[in-house]
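Report on one structure; see the data block that follows.
The values are calculated or read from the model by the stated rules, or taken from the named source; none is laboratory data. Keep in mind it's a predicted model, so treat the numbers as computed, not measured. Heads up, the Cβs are rebuilt from the backbone with ideal geometry, glycines too, and the neighbour counts pull from every protein chain shown.
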Amino acid sequence: MKRRDFIHKTAAGAALVGLGSVSLTACNNNPKSHITILHTNDVHSHIDPFPADHPVFPNQGGVARRATLIEQVRNENQNTLLLDAGDIFQGSPYFNYYGGELEFKLMSMLRYDAVTIGNHDFDNGIDGLLAQMPNANFDFVCANYTFVNTPLETLIKPYKIFVKGGVKIGVFGLGIELKGLVDKKNYKETVYLDPIEIAQDIVKELKEDEKCDLVICLSHLGYQYNNNPNKVSDLVLAANTKDIDLIIGGHTHTFLEKPAIVKNKINKDVLVNQVGCYGINVGRIDFYFDNESVVTSTGKSIIV
């Protein structure tokens, strides 16, 4: 099924680690435009920082610290987008008690711009997710789930377009196959579509019809599957598509110090990044557009 047809139907104390850079082509004519992308994934309802005696993440994470970090970056560059790659829910007593209300309210206070849906975001069912959406002052995007005949049909869009500093940015989402991960009664009539085929349809629309200068995928497919290299993952997606500039990943809780650089199907560079889990890190990618339609980028992971 072609996604195009479906569309018509329907923090202080932060330490910087790692630095990567790449040159990409773009179609923006504004000189010296600077766009910053901040991103998280798999926060899993971790509101508080880990205790100082935690064996793995001592005194790390926490929404308040993340808020401080985000505000510092926004003060540095007003052309900043804040994105999340899914699995916002499930992982602490806050979710068990409030059902996602606190997570969405805090993300709204942090002024997230767009998020995609992870498999654990269905843990209270479609109705549980729907009940919390009034608390979310940000957009939900997912292109390869069709929500026809569900209450989410009009609430989750395939993509969202933002304009920052004269740069047109298309952000779309992709979700992992729910069968085998989520109880059928929780996702009801939601249908999973092939992410590579759908991604190429969406990217074509964003590039050719919407004239986006930058295309970003929020992916909850997983970074890589060593035991099954043919399973669709972020690295497979990057290698088998074209015109995606950045893939922000989730699901596999992969800690990258800097973005991976993958050659796409026409041998151009794609950035792929994922920052672990639990709000331990925030990813930062900076894109610099010049007046010759070329964009360079740097990327790093920031420990909260």
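Some points to look at:
- Taking first residues from the range 77-99 that are under 19 Å from PHE140 (Cβ atoms) and partners that are outside any loop (DSSP other than H, G, I, E, B) and among the basic types (Lys, Arg), the Cβ contacts under 8 Å between residues at least 6 apart in sequence or on separate chains come to LEU81/LYS164.
- Search result, residues across the range 136-159 that are touching a Gly at 6+ places or on another chain (Cβ under 8 Å) and not in a loop (DSSP other than H, G, I, E, B): PHE140, VAL141, TYR145, TYR159
- So MET107, is it farther than 22 Å from ALA64 by Cβ and either under 19 Å from the mean Cα position of the chain (by Cα) or assigned to a helix (DSSP H, G or I) (or both): no
- Scanning the range 163-195 for residues that are in contact with a strand residue (DSSP E or B) (Cβ under 9 Å, 6 or more places away or on another chain), among the aliphatic types (A, V, I, L, M) and more than 30 Å from LYS32 (Cβ to Cβ) turns up LEU174, ILE176, LEU178, VAL191, LEU193.
- Going through (1) assigned to a loop (DSSP other than H, G, I, E, B); (2) crowded, with 22+ Cβ neighbours inside 10 Å; (3) not charged (D, E, K, R) one by one, LEU82 falls short only on (1).
- Some residue of the range 204-219 being more than 14 Å from TYR159 (Cβ to Cβ), in contact with a strand residue (DSSP E or B) (Cβ under 6 Å, 6 or more places away or on another chain) and of a type outside the set (Ser, Thr, Tyr): yes
- ALA67, sole failed condition from (1) modelled with pLDDT of 95 or more; (2) not in a helix (DSSP H, G or I): (2)
- Scanning the range 140-184 for residues that are surrounded by fewer than 19 Cβ atoms within 10 Å (Cβ to Cβ) and of a type in the set (Gly, Ala, Ser) yields a total of 3.
- Cβ pairs under 7 Å, 6+ apart, first in the range 47-72 and within 24 Å of SER108 (Cα to Cα), second among the basic types (Lys, Arg) and modelled with pLDDT of 95 or more: PRO49/ARG65
- Flag if SER297 is of a type in the set (S, T, N, Q), in contact with a Phe, Trp or Tyr (Cβ under 8 Å, 6 or more places away or on another chain) and farther than 24 Å from SER45 by Cα: yes
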